[in-house]
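Notes follow once the structure below has been shown.
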Amino acid sequence: MIITFRSKAAGEVIMLGEHAKPLLELAGKAVGDTLEKRGVFTPEQLPDAIARIERALNAEKDPDFDEDDPAQAARAAQYVGLRQRAFPLLDLLRRSEQKKVNVTWES
């Protein structure tokens, strides 16, 4: 399933449902076992949603990762983590917060 996030503040962000669901849950939206067809972040909800996702990203940092180790760097280059998947959505949420507009999503 494809999830499309929309806002008047920026372009669309399109994600696979399996990648969008954890981000929505981190942002405080209870999506349950099945992702709802539609949803919204109101301007009042955006600061908390952004902060919750950012806290999760900071917790994801691997303290054992050594960026100077070529083998670890090669493995990391092939890994797409939560941070990379969250970046476009976080950008959309931040821009929407600045302009005080809704962010909607639908499948």
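The values are calculated or read from the model by the stated rules, or taken from the named source; none is laboratory data. None of these values were measured; they are calculated from a predicted model. Cβ placement follows ideal geometry from the backbone for every residue including glycine, while neighbour counts extend to all protein chains displayed. Accessible surface areas use protein heavy atoms only, side chains included; no ligands, DNA or RNA. Shrake-Rupley method; radii C 1.70, N 1.55, O 1.52, S 1.80 Å.
Please work out how much length the chain gains when fully extended from A59 to Q84, using 0.36 nm per residue of separation minus the C-alpha to C-alpha distance, in nm with one decimal. Don't skip to the answer; put the middle values down first.
Details: separation 25, 0.36 × 25 = 9.00 nm, distance 1.42 nm.
Result for the pair: 7.6 nm of gain on full extension.
By how many nm would the segment from T4 to D68 lengthen if fully extended, with 0.36 nm per residue of separation less the alpha-carbon distance? Intermediate results must be reported in sequence, preceding the final value.
Values: separation 64, 0.36 × 64 = 23.04 nm, distance 3.73 nm.
Stretched fully, the T4-D68 segment lengthens by 19.3 nm.
Suppose R0 equals 22 Å. What FRET efficiency, 1/(1 + (r/R0)^6) with r the Cβ-Cβ distance, do A30 and K100 give to the nearest 0.05?
0.35
So how tilted is helix 17-26 from the main axis of the chain? Cα-based, degrees 0 to 90, rounded to 10.
80 degrees
For the chain, report the accessible area per residue in Å² (1.4 Å probe, heavy atoms, rounded to an integer). Don't skip to the answer; put the middle values down first.
Details: 6900 Å² over 107 residues.
Accessible surface, normalised per residue, equals 64 Å².
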